[in-house]
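Peer 1: One structure follows; several queries about it will come next.
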Amino acid sequence: MRRFSKTLNLQRSGSKGGAVKSRERQLEERLGSISVLKNINSVVWHIWSSSNGYQVYDTAIYKALGSLPSLHHFTLAVPGLTPLILPDLNLQDLRTLRVQCSIPPSTEEANHYILDPLLSVINDSPGLSELQLDFRTNHLNDGVAIPPTLGEFFTRISVSVSLPIPGSDARVRTHKSLDLDSLVLRGWNIDFLEPRGSTAAMHLRKLSKLKILDASAVQSTFWRLLEREQVKLREISVKAISRPFLDYLESYNGVEVLEVHPSPNRDDTVGVLDSRGCDRCEHQNSASQFYQAVQKHRRSLKRLSVQGIVRGKWCLGEHSMQAVMACRELRELSVCLDPKFVGQPGQRGDVVTMIMYMLTQMTALHVLRLYVARSMGPGGCPNCVNDSDQKLGPVEAVTTQIDKNIRTLMPHGKYSSGLRVYLEDRYVDCRAVRI
């Protein structure tokens, strides 16, 4: 290991038979030398096996980690059926904690092996600013895991700090809220049903970056909580869209990064037909509110991504072009195109022609990523099912037409210096006049 290394990577696979004790002794000897690595500030530990053999020497490893004076960032990934082991870590200077593991089906086991150890580490880390809790479902388990509730978990957080007593050498131990700046979640019920007197919300008041890696936020009290507490996120990445989320997005300004994947949940797409249409109709109609909310952040937005969507109003088109064009500070844009609006280059109504004109007005834009929206598939109601979906041809044919339109139009326009265009993640290499 180099003298000035900053990151320590630990990898471990399963061991069998008599080799366990031998490797255990070797590991303990090697771990004893870790404490001399005074410059290590980041540790990434992956347990690659379903074996729980690492529990034999976890104490030695955590003792070694605790001896690193500059350790600020700790990542632990434990896939498979291996129980999470997080003994007491006295890491007062820990700033980043990232944990990925499987959730057992039993709530009692989830508390014992995962939530309680996590709380112990968090409560002893007053400087924690970035928290990533990525819980996966292991399909080899018997039974279905119940996602833990975020509000209940945060209610149990009580960060312990030791403060000096003025005019004395003594210190007093007290408690404070977390100063979380970044939160990444998967596998949680993110509802915040706070009991009276709960302190759960105070840990979120300084939050500026939020990423939710699954659709757990579709219908949740979480967004109303953020709005009530006046938490103004600067970076948002979500896998689902809901009315409470859109209401929150419209409640303030200042978002710099906005990434959404507003595909309707497959289980929700064929709902009960009422006066508004089906669930898909409601999902499509929410696109108007989204693009209206985008304009609230037009002076700050630097990256906008609206991906993974079906054909319809969520796609970039004439109805949403003005909202995007208003974001003059935008550096990166990722959007989907509805094939039925892809025509010949220069033709009235061709969405690619509209986009190429838009690019001449957005001189700050450096990266444009275009994707072809897929068909809604079966289900829905007469208001949202379009017979032309079956007549548009394969995605490859639409992609070819978009590529042709870009190459035809780009040399005739003036675009920002360094503009790069990607179609279905493939770089479109064509010559253009740059300003």
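The values are calculated or read from the model by the stated rules, or taken from the named source; none is laboratory data. This structure is a prediction, so every number in the text was calculated from the model and none was measured. Methodologically, a virtual Cβ is constructed for each residue, glycine included, from the backbone with ideal geometry; neighbour enumeration extends over all protein chains shown.
Peer 1: Check segment 19-40 and report whether any residue there is under 25 Å from the mean Cα position of the chain (by Cα) and at pLDDT 65 or above.
Peer 2: No, because not a single residue in segment 19-40 is under 25 Å from the mean Cα position of the chain (by Cα) and at pLDDT 65 or above.
Peer 1: Applying the selection to segment 309-326, what residues are in contact with a helix residue (DSSP H, G or I) (Cβ under 7 Å, 6 or more places away or on another chain), without any contact (Cβ under 8 Å) to a residue 40 or more places away in the chain and not aliphatic (A, V, I, L, M)?
Peer 2: Hits for segment 309-326 are K313, G317, E318, S320.
Peer 1: Here is a further query. Given E227, E235, E250, which one is out of contact with any strand residue (DSSP E or B) (no Cβ under 8 Å at 6 or more places or on another chain), at pLDDT 95 or above and surrounded by 15 or more Cβ atoms within 10 Å (Cβ to Cβ)?
Peer 2: Values: E227 fails: at pLDDT 95 or above; E235 fails: out of contact with any strand residue (DSSP E or B) (no Cβ under 8 Å at 6 or more places or on another chain).
Being out of contact with any strand residue (DSSP E or B) (no Cβ under 8 Å at 6 or more places or on another chain), at pLDDT 95 or above and surrounded by 15 or more Cβ atoms within 10 Å (Cβ to Cβ) holds for just one of E227, E235, E250, which is E250.
Peer 1: In this structure, does L91 turn out to be touching a Leu at 6+ places or on another chain (Cβ under 7 Å), at pLDDT below 85 and either in a loop (DSSP other than H, G, I, E, B) or surrounded by 14 or more Cβ atoms within 10 Å (Cβ to Cβ) (or both)?
Peer 2: Considered against the rule, which asks whether it is touching a Leu at 6+ places or on another chain (Cβ under 7 Å), at pLDDT below 85 and either in a loop (DSSP other than H, G, I, E, B) or surrounded by 14 or more Cβ atoms within 10 Å (Cβ to Cβ) (or both), L91 comes out as yes.
Peer 1: Provide a single number: the residues in segment 309-352 that are within 18 Å of V395 (Cα to Cα) and surrounded by fewer than 16 Cβ atoms within 10 Å (Cβ to Cβ).
Peer 2: 2
Peer 1: Please determine whether any residue of segment 106-117 is under 17 Å from G187 (Cβ atoms), assigned to a loop (DSSP other than H, G, I, E, B) and at pLDDT below 90.
Peer 2: yes
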